Amino acid sequence: MRGVGVRGGFVLDPRRRHRTPTEATLHSAGGRTTTVSYAGTARTVRLAPGGSATLRDPDP
């Protein structure tokens, strides 16, 4: 699965191993700040216009 549109004008490219999320790349066309939550943890991500960030599970 690639290019999933998510709230706030972002596109998400998730990666999985054995059906468990291991990392996700978040893309922003307009540049924004968002909070990504997973498995009881939250991380604030600030992206410039056209920017992207890859978030990885510390315990894949």
Test: residue in segment 40-59 that is loosely packed, with under 15 Cβ neighbours inside 10 Å and touching a Pro at 6+ places or on another chain (Cβ under 8 Å): no
Residue ID - least open to solvent (accessible area, probe 1.4 Å), chosen from residues in segment 1-18 that are among the charged types (D, E, K, R) and farther than 15 Å from Arg56 by Cα: Arg2
Elements of type strands (runs of 3 or more DSSP E) contained in the chain, each with 1 or more residues being basic (Lys, Arg): 10-17, 41-46, 52-56
Complete set of residues in segment 7-30 that are farther than 16 Å from Pro49 by Cα and touching a strand residue (DSSP E or B) at 6+ places or on another chain (Cβ under 7 Å): Asp13, Pro14, Arg15, Arg16, Pro21, Thr22, Glu23, Ala24
Some residue of segment 48-60 being over 12 Å from the mean Cα position of the chain (by Cα) and among the acidic types (Asp, Glu): yes
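The values are calculated or read from the model by the stated rules, or taken from the named source; none is laboratory data. Everything quoted here is computed from the prediction, not taken from an experiment. We place every Cβ from the backbone using ideal geometry, glycine too, and count neighbours over all the protein chains shown. Heavy atoms of the whole protein, side chains included, go into the accessibility calculation; ligands, DNA and RNA do not. Shrake-Rupley method; radii C 1.70, N 1.55, O 1.52, S 1.80 Å.
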